[in-house]
Amino acid sequence: MTPSGDNVFVGAIDQGTTSTRFLIFNTNGEVVALHQIEFKQIYPQPGWHEHDPEELVSSVEQCIDGAVAAFEEQGHSRSQIAAVGITNQRETTIVWDKNTGKALHNGIVWTDTRSQELVRRLKNRLGSGELTRRCGLPLSTYSSVGKLLWLLENVPDVKKAYDSGDLAFGTVDAWLAYKLNGGPKKNVHVSDPSNASRTMFMNLEKLEYDDELLDWFRIDRNKIQLPKIVRSSDPEAFGTLANTALKGIKITGCLGDQSAALVGQKGITPGLAKNTYGTGCFLLYNVGPKPIFSTHGLLSTVAFDFGPGKTMYALEGSIAVAGSSIKFLVDNLGFIESSSKLSALAETVEDNGGCTFVTAFSGLFAPYWIDDARGTIFGITAYTKRGHIARATLEATCFQTKAILDSMEKDSGQALTELAVDGGMCNSDLIMQTQSDFIGMPVIRPAMRETTALGAAIAAGLAVGVWNSLDDLKNVNTEGRTTFSPQITTEDASKRFARWEKAVEMSKGWANY
Ligand code: G3P
């Protein structure tokens, strides 16, 4: 029986690109307990980025146990947790043997550009121009399909399992649900449309795998087990936790992390948008029950599928490098000892001192889609100090957000009037002020910024009646917003943006030299 009343809580697994977390929320959407673990980032070659699939699972299990222990220390009992939701880094591709449940390779992370040459070949194949109209995504190294095809071409064990019909594929949500249910014993192999829409072989309007897309990519459905696409909120489809302190509790919600943040910001009605500054930065704009196909470099994606009449689509602007550019200053260049010190370093100078940093570590995503761009700093002189580079680094994400908003306005015919924000970088007042200056509109930051996990908790809670409808969420996460308003003139903002666009132009093609 589902616990009810004030004493009911919902858990959320938040499996992101650089860390895993488990959070426990009350029905007002407040965090009651949290446990977080960072896991290994594997970079075998320039442009390659992998995760150990087993480590992802064990990090989730440890986080559940850690958060439940903290929850119980407060006098609560685990039986008060009604359900658990999953939210996850999207596109990251994991393949395993469906009989043994053993991963056949490290997960290839969404940022990984090893499929660049393969993608170039695909772009030359007849019909490549029509793919986006079916699946919402442009051909690039970003989506799962290029990673899967690379594995089939380059890893003999993966090809062997495919040829014998033993190969299973999944994005991180599907892998976690499969493993957390106990693997091949239960064989719960499912994904929700917000995740499946990132593979490039789901039909965006039908929310089903598209045989013509699979044929075009030369993927034989009979040789590979794909996760069954189920709703984002479902009392049965995602199964039950087989281990951990929450053994026996059902998983009842699942959303890709950017969709989850949109839900957590309560962008559940058309016209609302949010920008999440995580490892990357992702702006999602709820366009309603029908997809809008972008003609200006944006993605069309599923925002969430909460059942009949409650499926919403989004236009998305994806930026590959955001928080990871700050991590780069910390880990690779030793500029500062932790990401939280970036604003202080940037504040040691007045401005960027003439520097522009195109942080194209994984090529450039929306709205440019330049796979072969690479990170480039323009304008360095003998005057340049670390503070200037710090400013240019944070400005890169803010400029790309501006470019995305311009595209969104062209695609939707409507200009946003304010931007809701969340994610690690939004803790910096300097970054949020810079963002507001560059886009010329108010930036609104909530007090409770665990919006991604909250979105997953909402999806899970809706399935089991913790909240009965989206209307029940009216009072969830509304308190204590901070607004940043533009402080520079439109002319000044346009001048700075023109310099950025010039720098983007000049960073093209570097990967080929
Ligand atoms: O599409 C990739 C995205 O889901 C990763 O999000 O929060 O790890 O930057 P994040």
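The values are calculated or read from the model by the stated rules, or taken from the named source; none is laboratory data. Because the structure is predicted, anything quoted here is derived from the model rather than measured. Cβ sites come from the backbone with ideal geometry, for glycine too, and all protein chains shown count toward neighbours.
Criterion first (among the hydrophobic types (A, V, I, L, M, F, W, C), away from the ligand (no atom under 16 Å from the Cβ) and touching a helix residue (DSSP H, G or I) at 6+ places or on another chain (Cβ under 6 Å)) does ALA390 satisfy it?
Taking the combined requirement at face value, the residue satisfies it.
Do we find that ASN286 is more than 11 Å from the ligand (Cβ to nearest atom), assigned to a strand (DSSP E or B) and surrounded by fewer than 24 Cβ atoms within 10 Å (Cβ to Cβ) in this structure?
So ASN286 passes the test.
State all residues of segment 454-502 that are in contact with a helix residue (DSSP H, G or I) (Cβ under 9 Å, 6 or more places away or on another chain) and aliphatic (A, V, I, L, M); if no residue qualifies, say none.
Matches in segment 454-502: LEU454, ALA456, ALA457, ILE458, ALA459, LEU462, VAL466, LEU470, LEU473, VAL476, ILE488, ALA493.
Please determine, by comparing only the residues of segment 1-17 that are surrounded by fewer than 16 Cβ atoms within 10 Å (Cβ to Cβ) and among the polar types (S, T, N, Q), which one is modelled with the highest pLDDT.
Applying the filter and picking the extreme gives ASN7.
In this structure, is GLY297 surrounded by fewer than 18 Cβ atoms within 10 Å (Cβ to Cβ), at positive phi and part of a loop (DSSP other than H, G, I, E, B)?
Spelling it out, it is not the case that GLY297 is surrounded by fewer than 18 Cβ atoms within 10 Å (Cβ to Cβ), at positive phi and part of a loop (DSSP other than H, G, I, E, B).
Among the numbered conditions (1) within 12 Å of the ligand (Cβ to nearest atom); (2) free of Cβ contacts under 8 Å to residues at least 60 places away in the same chain, tell me where ILE336 comes up short.
Against the list (1) within 12 Å of the ligand (Cβ to nearest atom); (2) free of Cβ contacts under 8 Å to residues at least 60 places away in the same chain, ILE336 comes up short only on (1).
Tally time: how many residues in segment 264-274 are farther than 8 Å from THR452 by Cα and part of a helix (DSSP H, G or I)?
Here the count works out to 0.
In segment 121-177, which helices (runs of 4 or more DSSP H) lie fully inside it and hold 3 or more residues that are farther than 21 Å from SER318 by Cα?
Answer list for segment 121-177: 144-154, 156-163.
With the requirement that a residue be within 20 Å of the chain's Cα centre (by Cα), surrounded by 18 or more Cβ atoms within 10 Å (Cβ to Cβ) and not aliphatic (A, V, I, L, M), what does segment 409-427 give you?
ASP422, GLY423, GLY424, CYS426 - these are the residues of segment 409-427 that are within 20 Å of the chain's Cα centre (by Cα), surrounded by 18 or more Cβ atoms within 10 Å (Cβ to Cβ) and not aliphatic (A, V, I, L, M).
Residues ILE458, ILE444: which one is surrounded by fewer than 24 Cβ atoms within 10 Å (Cβ to Cβ) and touching a residue at least 12 places away in the same chain (Cβ under 8 Å)?
ILE444
In segment 62-95, what residues are within 16 Å of the ligand (Cβ to nearest atom) and either part of a strand (DSSP E or B) or of a type outside the set (Val, Ile, Thr) (or both)?
Passing the criteria: CYS63, GLY85, ILE86, THR87, ASN88, GLN89, ARG90, GLU91, THR93, ILE94.
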